[in-house]
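Here, each number is a calculation from the coordinates, and none is a lab measurement. What you see is a predicted model; the values in this text were computed from it and never measured. Here Cβ is always computed from backbone atoms with ideal geometry, including for glycine, and neighbour counts include all displayed protein chains.
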Amino acid sequence: MEKIHLIYITFLALGALGLLSSLIFGEFHGDGDFGHEFSADGHDAGDADSPKLFSLRVIFAFLMAFGIGGGAMYLSDKSVGGQIIVGILSGVAAGAITFYIMKFLYAMQGNSNVDSNNFIGTLAYVTVETTNSGSCQVKVDSGGGDQLYLAKEKNSVLVKKNDTVKIVGRLGSTLIVEKVEQ
């Protein structure tokens, strides 16, 4: 067995083993991606909505297809250059197919993140009246169900349980509310 044939078999085995373990155990170390996403302020941008080009699944698919394509050319007695070209092309094709399948599946996922900025101007109901710290708890209809938030009354007015308040702002994760007179 020539060394080049051994390389194709090794790539095929590594790719197949990696894809199989990824299927059984999921991606390694959380998301299995190598790289860093940048936003305008230099911090990570959220990446829950798309796969990465160099995720382990894409890399394993490339390795496996490279081994298959190159090995097939080796067995048909093609030149080493032809073997490598076919291996690379089949690897890139398999990696691209894997990436776009993952991208499609990621797009099908739901997102339950709720941005409390969307509540400004809406009404909420007090579930826990104002405490000694000046905070209360309000229940807001988020469209997908009720959400409970810590809140402070804008004018330091005491609010009682079941009072209606209007959300007028936000400070961090705390909503700023104003009591609505009924």
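Structure summary
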| item | result |
| --- | --- |
| Full-extension gain in nm, Leu171 to Gln147, via 0.36 nm per residue minus C-alpha separation | 6.9 nm |
| Derived scalar couplings ³J(HN,Hα) [segment 58-73; Karplus, 6.51 cos²θ - 1.76 cosθ + 1.60; whole Hz; x for Gly, Pro] | 5, 5, 5, 5, 4, 4, 5, 5, 4, x, 5, x, x, x, 5, 5 |
| Neighbourhood net charge (10 Å Cβ-Cβ; Lys/Arg +1, Asp/Glu -1) for Gly169 | +2 |
| Amide H contacts of Val168 (H built 1.01 Å from N, under 5 Å, at least 5 apart or other chain) | Gly121, Ile176, Val177, Glu178 |
| GluC sites (Glu not before Pro) within segment 90-182, DSSP loop, no more than 15 other Cβ atoms inside 10 Å | Glu129, Glu181 |
